[in-house]
Structures are given as structure tokens and as C-alpha cells.
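J.: Have a look at the structure that comes next, please.
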Amino acid sequence: MVVLGLVAIMVPPIATLAVEILFGWLFLISGIMGLITTFWMRHTPGFWWALLSAVLGIAAGIVLLAWP
């Protein structure tokens with residue numbers, strides 16, 4: 001971890017790109033899982049807010065992965 005931290009300090013563009021790709025995948029996967037869970041439990045209160053949250057997570061993941 002110390003070595004990776006030093007590399008990140010010495011080469012910030014690569015570290016930034018790696019973090020953006022990591023967060024892109026995290027948003028995309030959590031959005032897809034949220035969408036599946038939302039439709040699975042569609043009769044619970046807050047369905048539309050959960051649906052909006054899942055769609056926004058998927059959109060953020062796609063944006064971060066497509067245009068880092």
C-alpha cells in the first residue's frame with residue numbers, strides 16, 4: 001500500500017484514472033444490483049426513490065467508464 005501510495009503521488013494522472021475506473025464499476029454494479037432489488041421488492045414503500053437511485057447509479061457508472 002505504501003508503494004502504491006508513492007506511485008500515486010509521483011504519477012497523479014494514472015492514479016486518477018484508476019480511481020475513476022474503480023468508482024465507475026462500483027456505481028455500475030451497485031446500480032444494477034439496486035435495480036434488481038427494487039423490482040424484486042416493488043410493493044414496498046419508496047419504490048420510485050429506489051428506482052431513481054438505481055438508475056442514477058447506473059448512469060454515473062456508465063459516464064465514469066465511458067469518459068474518464
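J.: Scan the range 5-20 and give yes if some residue there is in contact with a helix residue (DSSP H, G or I) (Cβ under 7 Å, 6 or more places away or on another chain) and touching a residue at least 40 places away in the same chain (Cβ under 8 Å), otherwise no.
T.: yes
J.: Moving to a separate point now. Does residue 54 qualify as being within 13 Å of the chain's Cα centre (by Cα), without any contact (Cβ under 8 Å) to a residue 40 or more places away in the chain and surrounded by 14 or more Cβ atoms within 10 Å (Cβ to Cβ)?
T.: Answer is yes for this residue.
J.: Do any helices (runs of 4 or more DSSP H) lying entirely in the chain carry at least 3 residues that are in contact with a Gly (Cβ under 6 Å, 6 or more places away or on another chain), and which ones are they?
T.: 12-40, 47-66
J.: From the residues in the range 22-45 that are open to solvent by less than 70 Å² (accessible area, probe 1.4 Å) and of a type in the set (A, V, I, L, M, F, W, C), which one is farthest from residue 68 (Cα to Cα)?
T.: Residue satisfying both the conditions and the ranking: 35.
The values are calculated or read from the model by the stated rules, or taken from the named source; none is laboratory data. All figures in this text were calculated on a predicted structure; none of them were measured in a lab. Glycine gets a Cβ as well: all are built from the backbone with ideal geometry, and neighbour counts include every protein chain shown. Accessible surface areas use protein heavy atoms only, side chains included; no ligands, DNA or RNA. Shrake-Rupley method; radii C 1.70, N 1.55, O 1.52, S 1.80 Å.
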